[in-house]
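Structure first, commentary second.
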Amino acid sequence: MATMRSRDVLAALMAFIVSPALSSAIRAQGATVAEAAVKRIRAVQTAAGRAATPALALTAFARDEDRARALSAGYDEHLAKPLEPEDLLATIARLI
């Protein structure tokens, strides 16, 4: 993979932050809370007839069942930390 300059990574992350997207860092004690929040956001969007906001789970939970749990909660994508900046940017590009 090509190495990205810090400026490029920062610009891409800023574009993601200001886009209509949701990123959630899941911590051990907060996984259930984060999943419940995404489920609630999805329910509100559906009830309002709005398109789903892209949601990305960033987590240290890297097992297949962790990924399945995040996706079933309503996240569009699941990335396990540590991760490469290029992987993060490629995922963001797919989501937005």
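The values are calculated or read from the model by the stated rules, or taken from the named source; none is laboratory data. In this text, all values refer to a predicted model and were calculated from it rather than measured experimentally. Don't worry about glycine lacking a Cβ; one is built from the backbone with ideal geometry, like all the others, and counts go over all protein chains shown.
Odds and ends about this structure:
- Scan of region 35-76 for residues that are part of a helix (DSSP H, G or I), touching a residue at least 24 places away in the same chain (Cβ under 8 Å) and under 13 Å from the mean Cα position of the chain (by Cα), ordered by number: Glu35, Val38, Ala70, Ala73
- Of the numbered criteria (1) in a helix (DSSP H, G or I); (2) at pLDDT 75 or above; (3) surrounded by 12 or more Cβ atoms within 10 Å (Cβ to Cβ), the one Val9 fails is (2).
- Residue within region 82-91 that is of a type outside the set (Phe, Trp, Tyr), assigned to a strand (DSSP E or B) and buried (at least 18 other Cβ atoms within 10 Å of the Cβ) present: no
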